[in-house]
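Just below is one structure, and these are the notes that go with it.
Please treat every number below as a calculation from the coordinates, not as lab data. None of the values given here were measured: they were computed from a predicted structure. Neighbour counts run over all protein chains shown; Cβ positions are idealised from the backbone, glycine included.
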Amino acid sequence: MRYTAGYRNTGISFSGAFPPGVKWLLVVNIAVFVLYFFTVQSAFGVFFQPLKLVPRDVLEGLAIWQLATYLFLHDPFGFGHILFNMLTLWMFGRDLEHTWGTRRFLRYYFLCGIGAGVCVVAANALVGNVDRATIGASGAIYGLLLAFGMLFPDSVVLFSFLFPIKAKYFVMILGVIAFMSSLSSGNSRVSNVAHLGGMVFGFLYLKTALGVRAGKFRLRLGNPLRERYRDWKIQRAKKKFEVYLRKQDRDRWVN
């Protein structure tokens, strides 16, 4: 996948191809993959086992950290897994980070990834498959794809590097595929539940905590008490300014 779009009038800065959040996510993921690749069939491979997302460990052993650590592990026997995730992270994540800033971007990334992990644990618990391990950042990546489609809906994405399609339709297609696949995944090695979960958590976050306005995300305050206090401060400041102006008029003299 790749995309092309004209951002000349959006006010977005593309001065760096590797903003810090995306850069360090790439560095850590690739470093962990290399270590895992060279140690998975050795005695040192056991050190990576507690980092995988295993529903039984989370539910019975309270291994809550697995909801985050599984995001940094990828299949050591298939380069396509990490290649797709890291390429998508770079292509779509950098524009989101340029728009949101590093802190908000990382918060969204991990929220989608951890939310996807929660969905995996819940789904496997429902079907009684609590010993199946899940690894990979795909849940967070699908969350990024959703955000990109909402933020830049008319950007052109080359689906499978061949077919141009608008980002909003591309995200819809991915969502439908993830949903249908999650219903019929069976013994598939791909965690479609994680893909769908990342998109669902991303959508809920964007529609409740943030609003899409004029091509950028705006924080919604939405607190009536805070808004009333702000209005009261503004009115008080206006009254003080009016009193000051009347006093100046009384003290003014003409010659």
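The table for this structure:
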read-out: Label-point gap, in nm, between L87 and V176 - each point 7 angstrom along Cα→Cβ; value: 2.4
read-out: Cβ-Cβ FRET estimate between F79 and S42, R0 fixed at 22 Å, reported to 0.05; value: 0.65
read-out: Theoretical gain in end-to-end length, I234 to I30 [0.36 nm per residue, Cα-Cα removed]; value: 68.3 nm
read-out: Translational D in µm²/s for the stretch 60-135 (Stokes-Einstein at 37 °C, 0.692 mPa s, Kirkwood Rh from C-alpha pairs); value: 233
